[in-house]
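Trainee: Take this structure first; my questions come after.
Any read-out appearing in this document is the output of simple, stated calculations on the displayed coordinates, not a laboratory observation. Predicted model only: the values in this text are computed from it and were never measured. So basically every Cβ, Gly included, is an ideal-geometry build from the backbone, and we count neighbours across all protein chains shown.
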């Protein structure tokens, strides 16, 4: 019997999103990633005596925008609080965050797993400042003899999005994170560069006996920044907790860290409760009052979000799978929509965008943002196929030439003499020659062997180097073979 037969997984996620602002939340220091250690700092973000924070209004705008995109209620009155704890990456010994009056509450998003849709609740989303970064001497914090602190990230604006514990499998967690990140990306809240720490996940996992309504004791694994790490971490943590319970032990409520190299979680500290942080209102910042006009102005800036875009693409004839693939990558979706403005057949366009063009970009380790083929150029190629000027087979070689040279399809077709042969007289001469040279296949076809026609068509295409109009070739061949 496996844990799946005995226990149900209960999972919630806290997602820390670095917001896309030029300066930090309470000072004018840059939020640019990288830079020499401890150079993007000032007395305010270092918490030196005598300084006062000034709230960055763009942080509030982005928080409101994210809340609207996640179907949250935007608070007309919220405030900042001091979250008091000591850790080396926190120069003030407290974090300016939001506790009992967050800016966003009570949202939801919909996920789909194996064709089954499910709504995941959003408990809250609140603004806070990021901490610094510890640079360990060893491979992990637990194997290091010393650690340095880089405060460049201190004060970068964060939006912490807290889900309800509504997820019951690893696949549901991954589907939730994928949908959440797509929403954040489309809404322009963050650059979503997980490899740079722009989005980090704290995964809360507990197990309970199947059929039980009471939650089990949870562990929290902090600062995961890839889907692969989330999957592996959850697999390990579920097995760890199941073994503990099977042996009659108890799971300890604690904070853990993920060791990527070893593929295990390690205990960091006991899990604090809210009272352990001794929250109190931030005396240096006024409460935040947000009126309806402010909210509506932000609502007007919301773009088409992923779920709406998928529905629109499916209404144009795309399959659920194709729509999901295109929408999953914002640059691809933007490219597709620009091309769709001048090309009505969404299905044909999707085949070329997700197939040939994506293949060329992947082979060069490139992206749609860097594509040497513009949406207008791709449309130009597809219109040549529609007009019968080139075949689909020829188009595949043309798009490769377009990718390498940046030239328009029409120019390449003209330069290389690739125009499709649609002159009936010219094709009749070639077909007559093919019939004369392949008497056995002709006899086979006339005896009822339909596959012989395919061979003869192939010979015509070979003789014309793929430039013959396939439909016309079929028509002429059938007519001549029935004479």
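Trainee: Taking all pairs of different Cα atoms in segment 304-416, averaging 1/r and flipping that mean, what Kirkwood radius in angstroms comes out?
Mentor: For segment 304-416, inverting the mean 1/r across all distinct Cα pairs yields 14.3 Å.
Trainee: Relative to the longest principal Cα axis of the chain, at what angle does helix 451-463 sit, 0 to 90 degrees, rounded to 10?
Mentor: 90
Trainee: Separation of segment 192-210 and segment 63-118 by C-alpha centroid, Å?
Mentor: 15
Trainee: Follow-up question, since we're still on this one. Quick one: check the C-alpha center-to-center distance for segment 19-49 versus segment 311-377, whole angstrom.
Mentor: Comparing the Cα centres of segment 19-49 and segment 311-377, I get a distance of 38 Å.
Trainee: Could you work out the equivalent-ellipsoid semi-axes for the chain, taking the square root of 5 times each eigenvalue of the Cα gyration tensor, largest first, in whole Å?
Mentor: Values for the chain, descending: 58, 28, 21 Å.
Trainee: Under 8 Å for C-alpha pairs, at least 6 residues apart: give me the relative contact order for segment 12-65, rounded to a whole percent.
Mentor: Relative contact order here is 37 percent.
Trainee: Same structure, new question: What percent do you get for the relative contact order of segment 245-317 when only Cα pairs under 8 Å and 6+ apart count?
Mentor: So the answer I get is 16 percent.
Trainee: Could I ask something else about it? Take the Cα atoms of segment 281-341, build their convex hull, and give its volume per residue in Å³.
Mentor: Roughly 154 Å³ of hull volume per residue.
Trainee: So how do 209-217, 121-129 stack up, highest first, on mean other-Cβ count within 10 Å?
Mentor: Result, highest mean Cβ count within 10 Å first: 121-129, 209-217.
Trainee: Here is a follow-up. Quick one: helix 170-186 against the long Cα principal axis of the chain, what's the angle to the nearest 10°, folded into 0 to 90?
Mentor: That works out to roughly 80 degrees.
Trainee: If you build the Cα gyration tensor of segment 424-481 and take the root of 5 times each eigenvalue, what three semi-axes come out, in whole angstrom, biggest first?
Mentor: 17, 11, 11
Trainee: Ranking 171, 81 by Cβ neighbours within 10 Å, fewest first, what do you get?
Mentor: 171, 81
Trainee: A further question on this structure: Remind me, relative contact order of the chain in percent, using alpha carbon pairs under 8 angstrom and six or more residues apart?
Mentor: Result for the chain is 14 percent.
Trainee: Mean residue ellipticity at 222 nm from the helices of the chain, using -39,500 (n - 2.57) per DSSP H segment of n ≥ 4 over the full residue count, to the nearest 500 deg cm²/dmol?
Mentor: -11500 deg cm²/dmol
Trainee: I would also like to ask the following. Take each of the peptides 438-449, 364-375, average the number of other beta-carbon atoms within 10 Å over its residues, and list them starting from the highest.
Mentor: 364-375, 438-449
Trainee: If I fit a long axis through the Cα atoms of helix 330-340 and take the longest principal axis of the Cα atoms of the chain, what angle between them do I get, 0 to 90°, rounded to 10?
Mentor: Tilt relative to the chain: about 40 degrees.
Trainee: While we're here: Efficiency by 1/(1 + (r/R0)^6): what FRET value for residue 396 and residue 438, r their Cβ-Cβ distance, R0 = 25 Å, to the nearest 0.05?
Mentor: 0.40
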